[in-house]
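A quick write-up on the structure given underneath.
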Amino acid sequence: MSDAPARRLRQLGDVPVSQLRNIGEKRTAALSSLGIDNVFDLLTVYPRRYLDRTKRVDLSDLNVGDEAAVFGEVVKVSSRRTRQGRVMVDVTVSDDGDSFKVVFFNQAWRERQLTTGVQALFFGKVSDYKGQRQMTNPVVDVIVGASGEERDPSKVGRVVAIYPASGKAGLTSWEMGGFIEESLRRAGPFFDPLTSSEREEFDLVDRTQAYWGIHLPQEEIDKIPARRRLAFDEFLRLQLLLALRRQRVEASSQGIRHPFDVLDLDVTPGETVTRASSLVRRFLSGHRYSLTNAQHRVLEEIAGDMSSSLPMHRLLQGDVGSGKTMVALAAMLASLDGGRQGVLMAPTEVLAEQHVASLRRDLEGLSVPDDSVLGGQRPLSVQLLTGRVRAKERQAVLDGLMQGSVDIVVGTHALLNEDVRFRALGLIVIDEQHRFGVEQRATLRDQGRERSNEGADPDVLVMTATPIPRTAAMVLFGDLNFSVLDEMPQGRRPIETKWAREESEVNECWQRVRQEVAAGRRAYVICALVEDSEKIEATSAVEERTRLALNELRGLAVGLLHGQMKSQEKEEVMRQFRTGELEVLVATVVIEVGVDVPEASVIVIEDAWRFGLAQLHQLRGRVGRSDQQSYCFLLGTPPNEEGEKRLNALVGSNDGFELAEIDLEMRGEGTLLGSRQQGRSDLKLARLKTDEELLLSAQRLATSMAERGEDALAEMVDELRLFVDDDEATYLFKS
Ligand code: ADP
Ligand code: MG
């Protein structure tokens, strides 16, 4: 290391912007309104694009029809009304003696923005107006304001970075560039927390080069390695935080060694077992199906976690219908084998009730040891706990959990209630975790130990059918291990999805429903989502059911299911639909997740464009749950292109992972990372989609750094303090 006092990022975070030259109160306030308070904040405002002054477009070379970016100074501006009554602003721009014309229609404010002396970049198509080249309504980047000439043009390199100017805050790109340039010059060389061999290994330039290269490149191409290094740093900090968090959790945790023997997974249905065999073994030998290869593999991973002394935190991703419930059940039985209890938390009552019913069916005949009864065995007990369970029953379930006479409890977020305590809680399974808030998930996980008399941390398995792309998962759930069910149970046929636009296609759809019902199968009709109001949604479902029963589905047994119905009513309707007493179920999105009626072979989704892509895929997943050919019909005309894209994507793919990628692309990363990412830890340069290799490298380095221990990490820890709040810092860092 050289003797020069190399600059730490955190030192820059301590320097308020007001210490820069030419930056009075007004500018300080303007910057602050953009969330820029200190010099570090400034240095992470990255250019939107670059203007290469050596490659200035010669105006005489511009051809009509070209898309071009032209830089120039406003020399004249005027406005008038056209004959059609539109406001037209007429701007003459000059560049080195050449001049050209820019006109704006219906943008009267341009006259105030582009006053004489303003220098700006104009992006647009060159057109011809009476023999003169001009641009109409181009995109404008003001580089230098009429009076804001604080930056010394002679000092700016050949390539000028264009910053996101803020009209609202009254800051031009030029001013921003000036502040950043001054910050860089005064900061001097940066301290680099990476060694030169680490930089070499990951093909990274040093930090000084990176900050200069992105803000003040000599040549435009310098920005590429600069961006690479800075994006790497973003990922590295994020991954390091996750690694440290994981270490902390591990250091303070007290896991349970469950007796989960992987050999018990090789049991096939019908194999003989004894009462001394494990529950896992007895369950698999008595089950309808044998495990799919993917279920087997995932359960091996889970068995590895559960039998280790560290608590399991595993995320199981499996497309709709891939058979996650069976995996959860086997894991739960391993917990019971150790004399402990299991929790299964579902996001909706309908799903919780379904789980209780199917678990009871699947576990029928299984018994667990019980010293208090003759023969030392009692039937395994599965109980329901939701907000709608009546007080007396609820108390009985709570008592059972305390005493240990209830083995598995299935419920909704009602399980999070304070008074739910366990004799010995071994495993928590959270189904369809994407439907829960981050906090709810954390509550169960963090309180698991306190809630259980055993005083140990239960294992946690979270399951989701809404896959998120791997890179996003690494960023969002970096503190979890991953398993993927990447195989459907045998004999499944891809669901045929059709977007019925023409009247004839819609008729065909209802005809299909009748045909399937006639063949002994069942159908869902999903009513459109109504602006977050369960009540209105319920009404519209009621009306739609009546309408269909009188018209398209006349003569069929049509049932109704919506969120405003009482638990008991819902249960009864689901029961009738399962048995076939009801042939068609008109429902709101209450059936979105998890509902499993294998005989259902058609789903009609009305006004389908109102649903998100992931939600549509989930809804579609209610069919195709047997070896029957299934169908999904999308109805309605999207009012916008977005909606059209979603429906086309759904028609084009049956693969949840592929759809997740498309969804991410359509909605942007921001929405996905939104809730988790805050403030300065935002990924500003790094992109999940295109920077996967960088992310993997950063993760590798973060893991090895974390293993070196905090003392060796002092510099990185110091830097990380910029990115976490005080509470988190206290938790994560020793000193
Ligand atoms: P999801 O992953 O969507 O929660 P489920 O667990 O509801 O899927 O399973 C979907 C359907 O597949 C259910 O009807 C279930 O009984 C069936 N299933 C699960 N595992 C297997 C298997 N190994 N072989 C055949 N069918 C299976
Ligand atoms: Mg499920």
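Odds and ends about this structure:
- Within region 161-200, backbone nitrogen closer than 16 Å to the virtual label 7 Å beyond the Cα of ARG708 toward Cβ: 191-200
- The residues ASP459, ASP486, sorted by heavy-atom accessible surface at 1.4 Å with ligands and nucleic acids left out, run ASP486, ASP459 from largest to smallest.
- With a cut-off of 9 Å between beta carbons, the residues surrounding GLN629 carry a summed charge of -1, where Lys and Arg count +1 and Asp and Glu -1.
- Rounded to 10°, Cα long-axis angle of helix 503-518 versus longest principal axis of the chain: 20
- Residues with amide H under 5 Å from that of ARG49, placed H, sequence gap 5 or more: ILE162
- A dipole drawn for the chain from +1 and -1 charges on Cβ atoms has a positive end, and of LEU647, ASN106, ASN481 the residue lying farthest that way is ASN106.
- Straight-distance crosslink candidates among lysines, where the alpha carbon sits under 26 Å from LYS645 and sequence neighbours closer than 8 are dropped: LYS498, LYS689
- Annotation: amide H of SER381 within the under-5 Å range of ASP407, ILE408, sequence separation 5 or more or interchain, hydrogens built in the peptide plane.
- Within region 444-541, all pairs of alpha-carbon atoms sorted by distance into 5 Å bins from zero give the percentages 2, 8, 9, 10, 11, 13, 15, 12, 9, 6, 3, 2, 0.
- Cα long-axis angle, helix 324-337 against the chain (0 to 90 degrees, to the nearest 10): 60
- Rg ratio for region 55-156: its Cα radius of gyration over 2.2 N^0.38 Å, N being its residue count, equals 1.07.
- To the nearest 10, the accessible area of HIS355 is 10 Å² with a 1.4 Å probe.
- Accessible-area value, ILE662, 1.4 Å probe, nucleic acids and ligands omitted, Å²: 50
- Cα-based shape type of region 1-135, given that a ≥ b ≥ c are square roots of the gyration tensor eigenvalues and the cut on a/c is 1.5: prolate
- ARG610, ARG80, ARG522, ARG340, ranked by accessible area, largest first (probe 1.4 Å): ARG80, ARG610, ARG340, ARG522
- Ordered from largest to smallest accessible area (heavy atoms of protein chains, 1.4 Å probe), the residues TYR46, TYR289 come out as TYR289, TYR46.
- Test item: Cα-centred dipole of the chain, Lys/Arg +1 and Asp/Glu -1 on Cβ, debye: 1320
- Using alpha-carbon coordinates, inclination of helix 534-550 to the longest axis of the chain, degrees: 60
- Straight Cα distances below 21 angstrom link LYS566 to the lysines LYS392, LYS535, with same-chain residues fewer than 8 positions distant left out.
- Along each principal axis, taking the top coordinate minus the bottom one, the Cα set of the chain gives 101, 71, 42 Å in descending order.
- Rg/Rh ratio calculated on Cα atoms of region 110-245 (Kirkwood radius): 1.10
- Förster radius 60 Å - calculated FRET efficiency between ALA276 and ASP725 (Cβ-Cβ, nearest 0.05): 0.65
- Straight-distance crosslink candidates among aspartates and glutamates, where the alpha carbon sits under 17 Å from LYS76 and sequence neighbours closer than 8 are dropped: ASP90, ASP95, ASP96, ASP98, GLU111
- Using C-alpha pairs under 8 Å with a sequence gap of at least 6, the mean separation divided by the residue count of the chain gives a relative contact order of 12 percent.
- Its Cα centre serving as origin, region 1-107 has a Cβ charge dipole (Lys and Arg +1, Asp and Glu -1) of approximately 480 debye.
- Antiparallel DSSP beta bridges within the chain, percent to nearest 5: 45
- Solvent-accessible area of VAL506 with every protein chain in place, 1.4 Å probe, in Å² to the nearest 10: 40
- Were the residues from SER166 through SER372 laid out at 0.36 nm apart, the gain over their Cα-Cα distance would be 66.7 nm.
- Here the chain has 47 percent of its accessible surface on carbon and sulfur atoms, given a 1.4 Å probe and all protein chains in place.
- The chain - accessible surface per residue (Å², probe 1.4 Å): 46
- Under the criterion of Cα pairs below 8 Å and six or more residues apart, the relative contact order for region 502-569 equals 25 percent.
- The dipole here belongs to region 496-653: it is taken about the Cα centre, uses +1 on the Cβ of Lys and Arg and -1 on the Cβ of Asp and Glu, and is about 360 debye.
- Take every pair of alpha-carbon atoms less than 8 Å apart whose residues are at least six positions apart; their mean separation over the length of region 55-156 yields a relative contact order of 27 percent.
- Of all DSSP-defined beta bridges confined to region 496-653, some 0% are antiparallel rather than parallel.
- Approximating the spin labels as points 7 Å out from Cα along Cα→Cβ, the GLU641-to-ASP596 distance works out to 4.2 nm.
The values are calculated or read from the model by the stated rules, or taken from the named source; none is laboratory data. Here the structure is a predicted model, which means the values were calculated and not measured. Here Cβ is always computed from backbone atoms with ideal geometry, including for glycine, and neighbour counts include all displayed protein chains. With ligands, DNA and RNA removed, areas are computed over all heavy atoms of the protein, side chains included. Shrake-Rupley method; radii C 1.70, N 1.55, O 1.52, S 1.80 Å.
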